[in-house]
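Structure record follows, encoded as structure tokens.
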Amino acid sequence: MTPTTPPTDFDPLHNPWQTHSTRQVYENPWIKVRQDEVTNPKGGAGIYGVVSMKNKAIGIVPLDAEGNTWLVGQYRYTLGEYCWEIPMGGGPVELDALESAQRELREETGLTAARWTRIARLHTSNSVTDEEGFVFLAEDLTQGEWEPEESEDLRVWKLPLAQALAMVMTDEITDAISVAGLLKAEKFLASRG
């Protein structure tokens, strides 16, 4: 594959939107929702709703020496369905993402890891939210007691990483952070040899 460059008229700092006013319409401990009065890139008047997250999204792909990973299953209220995902959660914006990842892995699986590698930075749905996510590969694992939060009814599943990747490809895993994290982990591990 031959590398290419962006078009010559590309300016990543150019914002074609004009914001005329902003008002907060909702807030709870996890999110804020605002509505902006805007002029869109074609000159039309309109509104734009933005969900601002009060936490960073954190995902972890734990990997043991035998090539196994862990998935966490839970019923997702927003979707009305049960989902298998990598261990994940939220971390305060002001806290280092790695600290939040270490806490989430321990809470959801009981695992601790001696080696951590950040493998992804992502935006979960950048057309409606400013949420920023980070995914870590956690290795050199030690099993301990898990401590799920009160709002979590979790099932933990240890399985080969290859099986989790197959679940991504058959849409058995659909969570965006899990899909991105598992695929990035596969590429990262392949590049490491």
Inspect all residues belonging to the range 174-189 and state whether any of them is farther than 12 Å from I58 by Cβ, touching a Cys at 6+ places or on another chain (Cβ under 8 Å) and not small (G, A, S). yes
Give the residues of the range 62-89 that are under 26 Å from A162 (Cα atoms) and of a type in the set (G, A, S), sorted by residue number. A65, G67, G73, G89
Would a scan of the range 27-39 turn up a residue that is modelled with pLDDT of 95 or more and of a type in the set (F, W, Y)? no
How many of the residues in the range 6-44 are surrounded by 10 or more Cβ atoms within 10 Å (Cβ to Cβ), of a type in the set (S, T, N, Q) and closer than 19 Å to D130 by Cα? 6
Residue list for the range 115-126, restricted to those being surrounded by fewer than 16 Cβ atoms within 10 Å (Cβ to Cβ), over 18 Å from W70 (Cα atoms) and either basic (K, R) or modelled with pLDDT of 95 or more (or both): R121, H123
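The values are calculated or read from the model by the stated rules, or taken from the named source; none is laboratory data. These figures come from a predicted structure and were not determined experimentally. Here the Cβ is made from the backbone with ideal geometry for all residues, glycine too, and neighbour counts use every protein chain on show.
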